[in-house]
Amino acid sequence: MKELLDRAVTNGNVLPRELNELYENVRDFYVYVDERGLGGCVALHIDMIDLAEVRSLVVHEDLRAQGIGAQLLDAVVQEARNLEIGRVYALTRVEPFFLRNGFRIVDKQELPYKVYKDCMRCHLFPGCDEVAVVKDLNGKAEGNT
Ligand SMILES: CC(C)(COP(=O)(O)OP(=O)(O)OC[C@H]1O[C@@H](n2cnc3c(N)ncnc32)[C@H](O)[C@@H]1OP(=O)(O)O)[C@@H](O)C(=O)NCCC(=O)NCCS
């Protein structure tokens, strides 16, 4: 997972994750595995009672455009639904992927201060080109929405 994430970090699309941070948060992750090994990962990080972030979403370069990213995203959205979390979000440069999967673009400042203050600490602030995307889940388990 670390190798996969590190390659995506080089391309500037995901935030670096230290190995100890991955161990500490390993329960946040879903992975895609096939006969060649680990081909994708994603994390659901709970920020607040009603808000969670989609983090560290990466699919191996050789496996892209086959729906694996969508499956991984669906897994974390489903977990958020099961936990009755009302909204999931991501900060991303690949908003077309998220739009295709039911997210919508919002102004970053619409996200709670807790999220936004992390942006203010970033060296790219305020010129960052990441887009905030959200998916509203109504805080209900699947089938109740
Ligand atoms: C974004 C990512 C996870 C998508 O994984 P995937 O398995 O290819 O996703 P899917 O097959 O479910 O969907 C592919 C669709 O997503 C969209 N998409 C994916 N990457 C895109 C990009 N860089 N720019 C625009 N659209 C993109 C396209 O609509 C694409 O459909 P197409 O192949 O018909 O054009 C993968 O491209 C990746 O790992 N990128 C590098 C890391 C990254 O940017 N992660 C997101 C961090 S928020």
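The values are calculated or read from the model by the stated rules, or taken from the named source; none is laboratory data. What you see is a predicted model, and the numbers here were worked out from it, not measured in a lab. Note: ideal-geometry Cβ built from the backbone for every residue, glycine included; neighbour counts use all protein chains shown. Calculation scope for accessible area: heavy atoms of the full protein, side chains included, ligands and nucleic acids excluded. Shrake-Rupley method; radii C 1.70, N 1.55, O 1.52, S 1.80 Å.
Annotations
- Remark on residue 47: its backbone amide H falls under 5 Å from those of 52, 53, a criterion applied only to residues 5 or more positions apart or on other chains, H modelled at 1.01 Å from N.
- Residue 7/residue 110 FRET efficiency (R0 41 Å; Cβ-Cβ; nearest 0.05): 0.85
- Residue 2 sits with roughly 60 Å² accessible to a 1.4 Å probe, with DNA, RNA and ligands left out of the calculation.
- Per residue accessible area in Å² of the chain, where ligands, DNA and RNA are left out and the probe is 1.4 Å: 59 Å²
- Alpha carbon Rg of the chain, scaled by the compact-globule rule 2.2 N^0.38 Å: 1.02
- When the solvent-accessible area of the chain is split by element, carbon and sulfur atoms take up 50 percent of it, the probe being 1.4 Å.
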